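The values are calculated or read from the model by the stated rules, or taken from the named source; none is laboratory data. It should be emphasised that the depicted structure is a prediction, and the values quoted were computed from it without experimental measurement. So basically every Cβ, Gly included, is an ideal-geometry build from the backbone, and we count neighbours across all protein chains shown.
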Amino acid sequence: MELKELVEEKIGNLSEQLDQAQEKRAEEIKNIGEAHEETKNMVQSIEESIKMQKERLDGLEKTQNRIDGNTSKPKTFKDSLSDAFEESKDDLRAMANGKMKSLNIEVKAGDMTTGNTYTGEVIEADRLSGVYFDPDRPSHVRQFIPQIPTTSDTIRYVQETAYDDGTAGQVEGQSKGQSDFDLTAKTADVKTRAAFMRLSRQMLDDTSFLTGYINQRAPKKLFIDEDNQILYGDGTGENVEGIAEVAQSYSQVLDSGTIVHKLDVLGNAIAQARAGGNGEYMANLALINPVDWYNIAFAKDGNNRYLYPEVVSGGGSLTVAGVRIVPNTAVQDDEYFVGDFNMGATMALREGVNIGFFEQDADNVTTNQVTVRIEERYGLPIHNPSAFIHDRFAAAGVS
């Protein structure tokens, strides 16, 4: 396939991605009143990539027109040197006969093509557009947690920490049962998560796709850090308090003979969130490591038949008791998070993903560099920790 066709195909693929991203943006605006910052960045990045590819296609077409209008083969250095020797053959003969003591043969620079040398022919390489990197995480934990804006550095909320229910029948002439509850004021501080990189001004000036690459790539790395914080943050320093710090550990509520498979463990966790005085939480998500997901998907019975053939063939998704099982590399091997992610926590965004370019930083002016900063500020009140179950499959004796 010619380079022009590759670029046209790339534009077509990007256009499809843009349609999907714009549909996602429209759906988010419809559901929550505005699009997520990640979606906005995605649309902008794809639009920039399409613009860049169209500019490249125009350049290829202009180049092709010039080539078509000039069919003469450019001279290599070797061709030019041969011509120079041919033009000076009489002088060479005179020098050989002793009639000349010196000779200077000039090879005109205009006769040489860039990159050619006397020892070989060099063909200019085609260049594939864009920057190639490993795929990013397809889903992030923030997608499953409600989000609200905030203008404060601290999120305060009141949590019911105990309730003694005295509701009962009343015997005539005796006191009614007394109910008591404990309310505790809690806080979740807004944390700043950030990174920076330095680029030369030439990279920004000479490589038009670089800014699009940064807009697409850098937020993804921030979201990966965000996933780790939401799940495993320890609450110290600039770390938020993550779900693993406050969630319930595994406690078996199903019959002992039922727990023989990883899917059984997830089913027990769903039942655990619902039962045992935990507040009737209806789990809506199970997050597990991709390797554990595939181990479940490819499980076989005693006759070596797949338990979930529709999943193996690619036509189905894994669920347990109606709860979707989502693979995510943020979850450590052998671990799982099960819970009501809608009820358990809220992500309070003080500042969404922000990418800034700064020349006035350190010695940027003298070194001709630009600093790129990417950051976000958010808090994570986990106001209903009983909504989550987090543990290892090994804790239930299942490997």
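For (1) exposed (fewer than 13 other Cβ atoms within 10 Å of the Cβ); (2) over 30 Å from Arg350 (Cα atoms); (3) at pLDDT below 80, each residue gets a yes or a no:
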| residue | (1), (2), (3) |
| --- | --- |
| Gln22 | no, no, no |
| Ala26 | yes, no, no |
| Lys40 | no, no, no |
| Gln64 | no, yes, yes |
| Asn70 | yes, yes, yes |
| Thr76 | no, yes, yes |
| Asp91 | no, yes, yes |
| Ile105 | yes, yes, yes |
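When the range 297-307 is examined, which residues are found to be of a type outside the set (Lys, Arg), surrounded by 10 or more Cβ atoms within 10 Å (Cβ to Cβ) and over 23 Å from Gly339 (Cβ atoms)?
Phe298, Ala299, Tyr306, Leu307
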Legend entry - Members of the range 125-184 found to be in contact (Cβ under 8 Å) with a residue 40 or more places away in the chain and loosely packed, with under 10 Cβ neighbours inside 10 Å, listed by number: Asp126, Thr151
Legend entry - Number of the exception - Ile243 against (1) touching a strand residue (DSSP E or B) at 6+ places or on another chain (Cβ under 8 Å); (2) in contact (Cβ under 8 Å) with a residue 24 or more places away in the chain; (3) loosely packed, with under 13 Cβ neighbours inside 10 Å: (3)
Legend entry - Members of the range 132-163 found to be touching a Leu at 6+ places or on another chain (Cβ under 8 Å) and at pLDDT below 85, listed by number: Gln159, Glu160, Thr161
Inset, instruction - Find all pairs meeting these conditions: Cβ atoms under 7 angstrom apart; at least six residues apart or on different chains; first residue within the range 190-201 and in contact (Cβ under 8 Å) with a residue 40 or more places away in the chain and of a type in the set (Ser, Thr, Tyr); second residue in a strand (DSSP E or B) and surrounded by 13 or more Cβ atoms within 10 Å (Cβ to Cβ). - result: Thr192/Glu375; Thr192/Arg377; Ser200/Gln369
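Residue check: is Gly339 in contact with a His (Cβ under 9 Å, 6 or more places away or on another chain), touching a residue at least 60 places away in the same chain (Cβ under 8 Å) and either under 26 Å from Val260 (Cβ atoms) or in the same structural domain as His261 (by TED's automatic domain parsing) (or both)?
yes
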Inset, instruction - Would you mind listing the helices (runs of 4 or more DSSP H) fully within the range 164-261 where at least 3 residues are at pLDDT below 80 and under 37 Å from the mean Cα position of the chain (by Cα)? - result: 201-206, 209-232
Legend entry - Residue under evaluation Ile296, criteria (1) β-branched (Val, Ile, Thr); (2) touching a Gly at 6+ places or on another chain (Cβ under 7 Å); (3) farther than 26 Å from Glu238 by Cα, criterion not met: (2)
